[in-house]
Number of protein chains: 2
Amino acid sequence: MAKYERLVKLVAIGKMRDRLFESRCQEFVTRLSSYGRCDIVVLPDSNVANEGKAILRELDRDKGALVVALTEEGREFTTAEFSGFIEKVDRRIIFIIGGPFGLDPAVKSRADQLMALSKMTFTHEMARMIFLEQLYRALNLLNGGSYHH
Amino acid sequence: MAKYERLVKLVAIGKMRDRLFESRCQEFVTRLSSYGRCDIVVLPDSNVANEGKAILRELDRDKGALVVALTEEGREFTTAEFSGFIEKVDRRIIFIIGGPFGLDPAVKSRADQLMALSKMTFTHEMARMIFLEQLYRALNLLNGGSYHH
């Protein structure tokens, strides 16, 4: 069993249209499963306000979880810092990635942590793939793996 | 003709093994061609020192160019800042992305600018794809396109 087994959930907006990125996302989710369960909840895209309401409803189903919202104004972590951040959390973590128009302010207020992947703007599909790769990298690092060198 | 027509070159190490990422890279290069020529030079992977020598030889062929090396300790740009940076450069720009083990210090010293895509560590293949998408995004922005909103 993995040393740091985690239950994480990723809440994202909109089905991925780019099949190549989707297949890479699936691949990282499969690899993540060595370290615990990673559920992905995809909510339908709409306007930012409606997407926000749907995200808040989803968060209300799991009130004990720590909520991390990905947004450009969030804190940037190095991979090692991100890994250390996850290590310190003693409960389920829910990560949120918005749609093309970003996250509703109500979701950002509800989050325990805002996090940025980069100062640069990525498409939300690319952000989803990059994030899952980083999550795999961070959990692999915590478990003493050699993926991150 | 594009308003800011650019001649850029990307020097990268190693053939891409991930065909999905390679196909996305090709796609961004094609889209970039609306804004000028973007040559990609792929040098064989080896050890960091040999890769460094090969990169320096490549740079010597084009001494008038501005050299930007991608490395984690470089400056982070927002997409708008990156676009503004490119706008100010009045000559050819050569971007360099190393292999899995990074760039030789001699290459970093030779560069006019060090640039980081993120604080996080990406695979060099993913970095190549992310970079090309950002370059397209920056040039589209300079040319008044609507890709970056």
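The values are calculated or read from the model by the stated rules, or taken from the named source; none is laboratory data. Small disclaimer: the values here were computed from a predicted structure and weren't measured. For neighbour counting, all protein chains shown are included, and Cβ atoms are generated from backbone atoms with ideal geometry for every residue, glycine included. Each accessible area value is taken on the protein alone, full model and side chains, heavy atoms only, with ligands, DNA and RNA left out. Shrake-Rupley method; radii C 1.70, N 1.55, O 1.52, S 1.80 Å.
Kindly report the accessible area of chain A per residue (heavy atoms of protein chains, probe 1.4 Å, no ligands, DNA or RNA), in Å².
46
Can you give the average number of partner chain beta-carbon atoms within 10 Å of each beta-carbon in peptide A:77-86, as a whole number?
Mean inter-chain Cβ contacts per residue within 10 Å come to 2.
For label points placed 7 Å from Cα toward Cβ, what is the shortest-first list of nm distances from B:Arg61 to its copies?
So the label point of B:Arg61 gives 5.5 nm to the other copies.
Using the Karplus curve 6.51 cos²θ - 1.76 cosθ + 1.60 with θ = phi - 60°, work out ³J(HN,Hα) for each residue of segment A:22-37 in order, rounded to whole Hz, and write x for Gly and Pro.
Per residue, the Karplus-derived 3J(HN,Hα) values read 4, 5, 5, 4, 4, 5, 5, 5, 4, 5, 4, 5, 5, 10, x, 8 Hz.
With a 1.4 Å probe, how much accessible area is buried between chains A and B, both sides summed, in Å² to the nearest hundred?
2500
Over what distance in Å are the Cα centres of segment B:1-59 and segment B:71-114 separated?
A separation of 13 Å, based on Cα centres.
What aspartates and glutamates does A:Lys53 reach when the alpha-carbon gap must be under 18 Å and sequence neighbours fewer than 8 apart in one chain are set aside?
Within reach: A:Asp45, A:Asp62, A:Asp104, A:Asp112.
Give me the angle, in degrees from 0 to 90, between the Cα long axis of helix B:79-88 and the longest principal axis of the Cα atoms of chain B, rounded to the nearest 10.
In chain B, helix B:79-88 runs at an angle near 90 degrees to the longest axis.
A:Val41's amide H: which non-local residues (gap 5+, or another chain) put their own amide H closer than 5 Å, with H modeled 1.01 Å from N in plane and none for Pro or chain starts?
Close amide H contacts, sequence-distant or interchain: A:Leu10, A:Val11, A:Ala12.
What do you get when you divide the Cα radius of gyration of the protein assembly as shown by 2.2 N^0.38 Å, with N the number of residues?
For the protein assembly as shown, the normalised Cα radius of gyration is 1.03.
How high is the relative contact order of segment A:3-149, given as a whole-number percent (alpha carbon pairs under 8 Å, six or more residues apart)?
Values: 234 pairs, mean separation 50.3, N = 147.
In percent, rounded to a whole number, it is 34.
Search the structure for amide H atoms under 5 Å from the amide H of B:Ala116, placed 1.01 Å from N in the peptide plane, and list their residues when 5 or more places away or on another chain.
Correct list: B:Thr71, B:Gly74, B:Arg75, B:Glu76, B:Phe77.
Count, for each residue of B:113-120, the Cβ atoms from other chains sitting within 10 Å of its Cβ, then give me the mean as a whole number. Spell out each step's value before the answer.
Working: counts 0, 0, 0, 3, 6, 12, 12, 16.
So the per-residue partner count for this stretch is 6.
What net charge do the residues around B:Phe77 carry, taking every other residue with its C-beta under 15 Å from that of B:Phe77, with Lys and Arg at +1 and Asp and Glu at -1?
Cβ neighbours under 15 Å give a net charge of -4.
Are there GluC sites (Glu not before Pro) in segment A:57-119 that DSSP puts in a loop and that have at most 10 other Cβ atoms within 10 Å, and which ones?
none
Which pairs, out of B:Lys63/B:Lys88; A:Lys15/A:Lys63; A:Lys108/B:Lys9; A:Lys15/B:Lys15; B:Lys15/B:Lys88; A:Lys15/B:Lys88, put more than 29 Å between their alpha-carbon atoms?
Pairs exceeding 29 Å: A:Lys108/B:Lys9; A:Lys15/B:Lys15; B:Lys15/B:Lys88; A:Lys15/B:Lys88.
Pop out the ³J(HN,Hα) list for segment A:134-148 in order, Karplus 6.51 cos²θ - 1.76 cosθ + 1.60 with θ = phi - 60°, rounded to Hz; leave Gly and Pro as x.
Per-residue couplings from phi come out as 5, 5, 4, 4, 5, 6, 4, 4, 4, 9, x, x, 10, 4, 8 Hz.
According to a simple spin-label model (label point 7 Å from Cα along Cα-to-Cβ), what is the distance in nm between B:Asp60 and B:Leu7?
So the two model labels end up 2.1 nm from each other.
Test of the criteria: in segment A:13-122, which trypsin sites (Lys or Arg not before Pro) are in a DSSP loop and have at most 14 other Cβ atoms within 10 angstrom of their Cβ? Mind dumping the intermediate values first?
On the way: sites: A:Lys15, A:Arg17, A:Arg19, A:Arg24, A:Arg31, A:Arg37, A:Lys53, A:Arg57, A:Arg61, A:Lys63, A:Arg75, A:Lys88, A:Arg91, A:Arg92, A:Lys108, A:Arg110, A:Lys119; in loops: A:Lys15, A:Arg17, A:Arg37, A:Arg61, A:Lys63, A:Arg91, A:Arg92, A:Lys119.
Here the trypsin sites (Lys or Arg not before Pro) that fit, given the DSSP loop and packing criteria, are A:Lys15, A:Arg17, A:Arg37, A:Arg61, A:Lys63, A:Arg91.
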